[in-house]
Every structure is written in C-alpha cells, then in structure tokens.
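Take this structure first; my questions come after.
Since every read-out is calculated from the coordinates, none of them should be taken as a lab result. Keep in mind that what you see is a predicted model, and the values were worked out from it rather than measured. Every residue, glycine as well, gets a Cβ built from its backbone with ideal geometry; the counts of neighbours run over all protein chains shown.
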Amino acid sequence: MYSKEQSSQIKQTFWTTFGQYIAPQPSAEGLRINWINYKTCIKYVNFRMQVENRSASIGIEISHPDTGIQELFFEQFQELKLVLHDALQEEWTWNLHSTGEYGKTISRIYKELSGVSIFNRDDWPKLISFFKPRIVALDEFWSDAKYSFDALK
C-alpha cells in the first residue's frame, strides 16, 4: 500500500508524463492546448480523464447544479450523438443523473477501461493509449459542436 503522499506523487507523475507525451499534439483548430485541463468554455461541462485503482475513464461530465438544466445539456449532447460517435468511432455509456465524486448529481457520457492501475507503471502505456486518441477525438468533436451549446451558456 502507498501512503497518501506517495499515492498523490504517483498520480502527479503519471499526469505530468501524459501531459508531456500529448503536448506536441495540436488541437483540432491547430492551437496549443492544455489537454489535461481541457477547457470547454461552457460552465458545468467538462472533459474528464480519471484513473481509479483498477480502472480508468474518460468522458464528458455535466455538473450543473440545476438538474433540469443539466438534463437540457444532456439532451443537446443526445442531439449530437451521431456526430460524437463519428468522431470517437466507438459507443460510449450515456448516464443521466448519477451521483458524482462529492455526492453531487452529475450526468456523464464516458468510456471506461478496466483492469489497469495508475500504481502499476507497466499499465501506463495502456492508460496513455486509452486517453490520447479519445481526448483528441473529443476535441475534434467539440471544435464543431460547442456552438450548439451557446444558447445554454
């Protein structure tokens, strides 16, 4: 087992490594981008990459405190499902109103990879190979789709 400090250090090292690996990748619009802290520029809509003890996930998280508005965002993504699927080239899980990390109600559209651990450096190539093409595909999708959310800002 790792101490809290060791665990935090390992996670920080992984995300730094991933950030350095993906940094040369330009955005869909040809710009430099902070892939780890991707900015959608829409409050309460985030692209999240997470690694737990035995799994990893990447997804779109909608965290608006008003569940009715959260549902409107989710429905807007559903309207764009074919465009999203075309960019991702795979099906993702769609989950309206679940409980998030801090007990808040969130909605997620995500893909999960199980059987990997951030604490096993041998899994890091699998994690990087899982995250990179999907965050790049999300960026490609978002470069066109973000305008569909202007009315919900």
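Could you list the chymotrypsin sites (Phe, Trp or Tyr not before Pro) in the stretch 45-153 that lie in coil according to DSSP, counting only those with at most 10 other Cβ atoms within 10 Å of their Cβ?
Here the sparse-neighbourhood loop sites are 102.
Enumerate the whole-percent occupancy of each 10 Å bin, from 0 to the last occupied one, for all C-alpha pair distances of the stretch 26-111.
Whole-percent P(r) values from 0 Å outward: 15, 47, 33, 5.
Then there's this: Residue 153: which aspartates and glutamates have alpha carbons under 13 Å from its alpha carbon, excluding same-chain residues fewer than 8 sequence positions away?
The reachable aspartates and glutamates, counting only those whose Cα sits under 13 Å from residue 153, number zero.
Which of the aspartates and glutamates could be linked to residue 43 by a straight reach, that is with a Cα gap under 12 Å, when you skip same-chain ones fewer than 8 residues away?
Within the straight-line limit of under 12 Å, residue 43 reaches these aspartates and glutamates: 61, 150.
Report, in debye and to the nearest 20, how large the dipole of the stretch 1-103 comes out about its Cα centre when Lys and Arg carry +1 and Asp and Glu carry -1 on their Cβ.
Magnitude of the dipole: close to 500 debye.
I'd like the trypsin sites (Lys or Arg not before Pro) in the stretch 1-59 restricted to DSSP loop residues with at most 10 other Cβ atoms within 10 Å, sorted by number.
32, 39, 43
Translational diffusion coefficient, Stokes-Einstein: compute it for the chain using the Kirkwood radius over C-alpha pairs as Rh, at 37 °C and 0.692 mPa s, and state it as an integer in µm² s⁻¹.
201
Same structure again: Leaving out same-chain residues fewer than 8 places away, which lysines sit with a Cα under 30 Å from that of residue 4?
Correct list for residue 4: 39, 104, 111, 126, 132.
Just in the stretch 14-95: which GluC sites (Glu not before Pro) are loop by DSSP and have at most 12 other Cβ atoms within 10 Å?
Passing both the DSSP loop test and the Cβ count: 29, 52, 90, 91.
Averaging the inverse of every distinct alpha carbon separation and then flipping it gives the Kirkwood radius. What is it for the stretch 80-153, in angstrom units?
14.4
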